[in-house]
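S.K.: Before anything else, here's the structure in question.
The values are calculated or read from the model by the stated rules, or taken from the named source; none is laboratory data. The model shown is predicted, which means the values in this text are computed figures rather than measured ones. Methodologically, a virtual Cβ is constructed for each residue, glycine included, from the backbone with ideal geometry; neighbour enumeration extends over all protein chains shown. Note: areas computed on protein heavy atoms with side chains; ligands, DNA, RNA excluded. Shrake-Rupley method; radii C 1.70, N 1.55, O 1.52, S 1.80 Å.
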Amino acid sequence: LHDIQNASPEHYLSDDDLRAAADYLKLPTSFVHGVATFYTMYSLKPRGKNLIRVCQSPPCHLLGSSTISRELIRLLGIGFGETSPDKRFTLEMTSCLGVCGVAPAMMINDRVYGNLTAERIAAIIEDLRRAK
């Protein structure tokens, strides 16, 4: 499922993808759908080019993930679970990134960013907006 989702330009698993995986694995489509909806790293709806996941673990929460979340919502103009109209950003929460030593943290695509501040987030988002 990860490979299929990663091959999608919109970073999600379509109904056709789920059926193809089920057929290949000789499993009911409902079973594959259950797996895809259980794990938060899978999505059944199209997402943006840059997947931003904000860690909501207790250490990140205690060290300011709420402030980080508010700043991302302000900068991107979208809430959690939403994709920007230009399809460049999708904002999601995650339960733990496993980088408590650099809390608060977020992951954008496959890169983790820690020790976040509002100013650092603004610079990261600006860099992403300039990138093609």
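S.K.: For residues that are surrounded by fewer than 13 Cβ atoms within 10 Å (Cβ to Cβ), in a helix (DSSP H, G or I) and of a type outside the set (Gly, Ala, Ser), tally how many sit in segment 22-36.
M.R.: Residues meeting the conditions: 3.
S.K.: Still on this structure, please answer the following. Identify, please: which residue in segment 54-64 is farther than 20 Å from Asp110 by Cβ and not in a loop (DSSP other than H, G, I, E, B) and is, among those, most open to solvent (accessible area, probe 1.4 Å)?
M.R.: Only one residue fits best here, namely Leu62.
S.K.: Suppose we keep only residues that are basic (Lys, Arg) and either more than 14 Å from Ile52 (Cα to Cα) or in contact with a Pro (Cβ under 7 Å, 6 or more places away or on another chain) (or both) within segment 122-132. Which one would you say is most open to solvent (accessible area, probe 1.4 Å)?
M.R.: The residue in question is Lys132.
S.K.: Another one. Among the residues that make up segment 39-53, is at least one of them open to solvent by less than 70 Å² (accessible area, probe 1.4 Å), more than 23 Å from Ile4 (Cα to Cα) and outside any helix (DSSP H, G or I)?
M.R.: no
S.K.: Return the residues of segment 1-21 that are farther than 16 Å from Asn109 by Cβ and surrounded by fewer than 17 Cβ atoms within 10 Å (Cβ to Cβ); say none if nothing qualifies. Step through it out loud before you land on a result.
M.R.: We begin by selecting, within segment 1-21, every residue farther than 16 Å from Asn109 by Cβ; these are 1, 4, 13-21.
Those that are farther than 16 Å from Asn109 by Cβ and surrounded by fewer than 17 Cβ atoms within 10 Å (Cβ to Cβ): Leu1, Ser14, Asp15, Asp16, Arg19, Ala20.
S.K.: Give me the residue from segment 76-121 that is open to solvent by 40 Å² or more (accessible area, probe 1.4 Å) and part of a helix (DSSP H, G or I) and, out of that set, nearest to Cys55 (Cα to Cα).
M.R.: For segment 76-121, the residue satisfying everything is Cys100.
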